[in-house]
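Each remark here refers to the structure printed beneath this line.
Read the figures in this text as sums done on the coordinates, not as results from a lab. Since the structure is predicted, the reported quantities are computational estimates derived from the model, not experimental observations. Heads up, the Cβs are rebuilt from the backbone with ideal geometry, glycines too, and the neighbour counts pull from every protein chain shown.
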Amino acid sequence: MKSRLLCLGLLLFCLGTGCSGAAKEEVAVVQVPGVSADEIRLGSSLALSGHASFLGTQTLHGALSYIRAINETGGVHGRSIKVIAYDDGYDPPRCLENTQKLIVEDKVFGLFCYVGTPTSVKIMPLVQEARLPLVGLFTGAQVLRNPFQRYIINIRASYYQETGAVVKELVESLGLEKFAVFYQYDDYGFDGLTGTQIALKKYGLTPVATGSYRRGSVEVEQALEQILPSGAEVVIMIGTHDSCAKFIQMARTRGFHPIFHCVSFVGGDELAKKLGGDGEGVIVTQVVPPPTETLLLDAAEEYTKLLSQYYPEDRPTYVGFEGYLNARVMVEGLRRAGPALTREGFIDAIETIENYSLGIANPLTFNSQDHQGLEKVYFTQICGGNLELVTKPSLKETREVGKSGLKECIGSKD
Amino acid sequence: MHWFKRLKVKQQIAVSTVLVVLFIATVSWLSIQYVVLPNLSNEITKRGGIVAKSIARRAQQYLTADDRSNLLDMIFTEKWTQPYLAYVFISNEVDGVIAHTLLQPFPQSLLGVNLLPADQIQQTRLVKTCFGDVYDTAMAIHEESHRIGTVRVGLSKVLVDETMGRLLHILLALLALIISIGVVLTNWFSRQITRPILQLSDLTRDLISCNFQACAHLGKRVECWLTKDCNQTICPAHERGRPPCWLLDTRPPDRAEAGLFSRKLEECSRCQVYKENVGDEIEQLAAAFCHMIHRLDLYQEELKLTNEELRKLNRNYMKMLRFVSHELKTPIANSSMSAQALLQSIFGELTPPQERMVKLIYSNLSSSMEMVRNYLDLSRIETGELLFQPRRLHLASEVVAPALNHLITLIDSSRIRVEDQTDEGVILEVDKELLQVVYGNLIGNACKYGREGGVIRLQAKDQGVSCRLEVWNDGPGVAREKMGQLFQKFSRIQQSQKEAAKGTGLGLFISRKIVELHGGKIWAEGVEGEWINFVIELPKSQEGSRENESEEDLDHRR
């Protein structure tokens with residue numbers, strides 16, 4: 001009788017505490033969080049409101065347009081994909097709160113389509129501790145790539161690669177030497193600044209001036225005052241579209257016409273819209289090809305088609321296209337992981353992707369030591385209020401734009 | 001401690017140091033185990049309280065502003081920077097848990113394990129939770145005087161213990177390393193200290209065996225100024241040999257060197273030789289030892305030169321002695337024969353006084369003849385020209401009998417009885433003439449110094465590889481302590497003035513040399529005033545002699 005009471009007590013204790021007892025652990029092994037017979041739950045925390053909402057919304061719409069299409073065709077291995085997305089407003093603490101909620105309460109299988117460097121960096125320890133996959137980050141931060149981290153799957157090229165490509169092109173083709181860096185005073189800006197410094201060091205150069213602004217603000221005046229006297233020929237800009245747009249506009253007003261370059265995170269389409277006529281000649285490096293190339297690229301065609309189907313009010317953008325590609329990789333990983341889906345199995349499956357064609361003429365490859373899928377950087381230039389893909393030789397003409405301050409497009413369409 | 005004293009110095013140093021190191025290691029280990037680690041563990045435990053206090057201070061503003069995101073950010077940041085934290089959570093009485101750092105649903109049981117009483121601000125307890133044993137610190141968050149929440153910080157005991165364990169391992173490894181280094185260094189030091197002592201011992205052994213070429217180099221080798229410091233290629237002293245240079249020699253430098261003396265004095269200011277008081281005690285000892293050996297070597301060389309000169313002088317003297325003896329031999333022999341003719345009345349009868357005088361002359365001439373023979377033998381021995389021709393022969397018939405025949409006149413005149421007990425079968429490989437000289441000397445001595453009317457007993461025994469020959473007489477003999485002197489050159493143990501006149505003091509010396517030439521030994525035994533016995537031990541065959549000579553040949557010769 002006594003022993004029966006003891007057993008009952010133990011059982012009640014285990015159930016009551018909710019602690020990870022032995023019985024619970026066994027269940028946990030069998031039941032993968034976020035995976036049921038007919039559903040795979042994915043979580044995302046991204047900026048759906050605030051100054052970076054364009055990035056978050058476009059990424060999410062791009063991704064969801066593909067996922068919805070997949071779900072309508074039967075999902076992956078009979079499971080539909082559900083994406084729980086929370087708005088963090090590009091605020092790291094909110095991103096952390098969302099991520100904990102996604103893991104603890106929503107019990108998601110993995111994380112997906114995070115936007116922004118400071119937000120992604122903030123949740124890195126959480127991802128390591130929870131050992132769940134994080135696929136497709138709209139950031140090129142080096143800290144997410146090096147040192148290697150098993151649970152983080154990067155698809156796009158890094159900021160180091162973007163700044164490296166633009167510095168190489170401008171130094172080698174145009175012989176420019178005076179580079180200034182305008183950056184956001186956080187992990188994102190520091191990463192871009194370091195990338196530029198490393199790229200310049202190869203040519204024995206250092207930035208002639210640097211200027212920063214606080215995240216979430218558009219107070220760029222002080223930064224402009226610091227960069228303007230240096231007579232920089234190029235200003236590398238590591239910021240969001242509103243602060244970068246304001247900086248360019250103020251510089252133009254002051255008669256300062258260097259070559260402006262923004263990295264992909266700026267959201268080139270939005271920047272071009274904001275700048276209007278002041279945007280002519282501004283170079284924006286991209287990590288995905290133009291979504292408008294529907295005739296040449298299958299993926300662009302599909303993205304445009306699906307976007308117009310599910311989000312008819314949206315126009316195809318580079319940001320959205322990247323979100324769409326993230327979803328493609330996610331789905332491919334889930335497919336390869338098979339019906340018996342586990343988090344570790346999913347990572348292993350992702351690592352088997354080699355020279356996989358996403359339909360962007362730029363094959364995707366991962367392996368157990370490298371979770372950086374794409375390497376290519378594309379140059380675009382604002383021309384007539386639109387982003388135009390430019391070939392490298394045509395960048396030479398950019399110099400003339402910078403010098404003369406001509407407000408007309410001279411970059412030829414590729 | 002007897003065992004310790006039995007050890008060598010090197011081992012004593014090593015053992016002492018190892019014991020000291022072990023003692024220090026034990027004390028260190030006990031200190032680490034019972035003082036350092038518990039204190040450190042305590043400090044880490046306190047760390048939970050510090051973290052809780054820090055969180056409570058900052059949490060207050062977030063709680064009042066209802067900023068859950070930043071509250072969560074703060075406690076997560078705190079958890080990630082403190083490696084021992086199992087959890088951090090903030091609760092209030094209304095909503096329960098507001099923010100926590102867990103990646104699983106919050107276990108409600110955790111709330112009740114360390115309840116903070118209303119009148120307390122902080123409380124730390126070791127509690128059992130689903131994360132194992134945890135040092136749980138509860139800290140109240142106050143707004144003015146009102147408690148608006150509680151911070152709970154859980155420090156994992158397992159992680160603290162693991163860290164302490166790791167620390168212990170590191171400290172033990174460090175201790176082991178220190179001990180190993182200590183032992184190696186001790187070994188090295190003891191070798192450094194004892195090596196010069198051992199070298200000194202070896203050197204002393206070299207000196208005992210008169211090897212003056214050895215030189216101590218305990219620590220640094222003392223070298224010539226030429227090869228060490230001055231970088232000169234031609235040294236006035238260099239040709240003279242080893243350091244220290246001729247400046248320190250007791251001998252004055254020769255004329256050519258003397259001319260360079262002033263120059264050398266200048267150049268030698270940096271010479272190692274003059275730095276003998278420089279360096280540690282061992283180096284100084286080595287330098288002093290080297291100089292001592294050098295001095296000894298110099299003295300020995302001088303001694304060799306002197307000896308050589310003396311030997312040369314001696315050889316000339318011997319040559320002259322032989323020449324004189326040889327020149328004297330013929331006239332003395334002729335005179336002796338003439339005196340014998342007179343005594344035999346060939347030239348007519350002599351009157352008794354004449355006969356007495358002639359006998360005296362004859363006796364003196366016989367002594368002179370023996371003296372001349374001895375001197376000739378001595379000069380041959382000293383100049384190394386003694387002819388040595390050994391062959392196998394019967395001792396009794398070929399050596400003893402002829403020797404006795406030769407001395408018959410002396411024996412008769414001494415009225416001494418000779419008992420020849422020489423074994424007929426004794427066969428030896430010896431030089432017949434030389435051994436006859438030995439027998440002649442020994443029997444002659446027995447006649448001269450023996451008791452008038454006494455007995456001489458001759459014996460010879462075959463002992464296998466050697467033969468023992470004895471010449472015994474019942475004469476007064478010599479004192480035991482003087483027996484060693486008997487075989488010295490010109491040695492005469494004078495019993496009386498009369499006896500002193502009887503010989504040259506060379507007979508036994510010559511006998512010894514002859515016996516030694518045969519590879520044998522000669523010595524004397526006896527009781528003073530009663531008897532004396534001369535013993536000769538000779539090997540039966542000489543190396544490289546004619547071993548193939550047959551027994552028939554011997555018989556035929558006999």
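Exposed loop sites here mean trypsin sites (Lys or Arg not before Pro) with a DSSP loop assignment and at most 14 other beta-carbon atoms within 10 Å; chain A contains its longest site-free run at A:255-406. To the nearest 10 degrees, how steep is helix A:159-174 against the longest Cα principal axis of chain A, on a 0 to 90 scale? The answer is roughly 20 degrees.
Using a Förster distance of 45 angstrom, determine the FRET efficiency expected from the C-beta separation of B:L360 and B:E308, and round it to 0.05. Display every interim value, and only then the final one.
Details: r = 46 Å, r/R0 = 1.01.
Once the sixth-power term is evaluated, E becomes 0.50.
The stretch between B:R205 and B:Q340 holds 42.1 nm of extra length on full extension. This uses 0.36 nm per residue minus the Cα-Cα distance. Annotation for region A:215-260 versus region A:137-160: alpha-carbon center distance of 27 Å.
When each of the peptides B:460-466, A:113-119 is scored by how many other beta carbons lie within 10 Å of its residues on average, the order from highest to lowest is A:113-119, B:460-466. Taking the square roots of five times each eigenvalue of the Cα gyration tensor of region A:101-174, the equivalent ellipsoid has semi-axes of 31, 11, 9 Å, listed largest first.
Modelled spin-label separation between B:R295 and B:V455, with each label point placed 7 Å from Cα along the Cα-to-Cβ direction: 6.2 nm. Quick one: if the Förster radius is 35 Å, what FRET efficiency do A:K168 and B:E162 give, using the C-beta to C-beta distance and rounding to 0.05? The value I calculate is 0.10.
The coefficient of translational diffusion for region A:179-287, derived via Stokes-Einstein from the alpha carbon Kirkwood radius under 20 °C and 1.002 mPa s, stands at 158 µm²/s.
Taking 7 Å steps out from each Cα toward its Cβ at B:V465 and B:L185 produces label points 6.1 nm apart. Short-range pairs are left out: with C-alpha atoms under 8 Å and at least six residues apart, the relative contact order of region B:2-167 is 23 percent.
Shown here are the Rg and Dmax of the Cα trace of chain A, at 23.2, 96 Å.
Going from the alpha-carbon gyration tensor of region A:212-338, what semi-axes, largest first and in whole Å, does one get by taking the root of 5 times each eigenvalue? The answer is 34, 15, 13 Å, longest axis first.
Of A:D191, A:D278, the sequence from fewest to most neighbouring Cβ atoms within 10 angstrom is A:D278, A:D191. Under the simplified labelling scheme, the B:K540-B:L22 pair shows an inter-label distance of 6.5 nm, with each label point 7 Å from Cα along Cα→Cβ. The Cα atoms of region B:2-167 define a convex hull whose projected area, averaged across directions, is 13.9 nm².
To the nearest 10 degrees, how steeply does helix A:2-17 sit against the main Cα axis of chain A, on a 0 to 90 scale? Value to nearest ten degrees: 20. Sorted on the mean count of surrounding Cβ atoms within 10 Å across their residues, most packed first, peptides B:365-371, B:152-158 read B:152-158, B:365-371.
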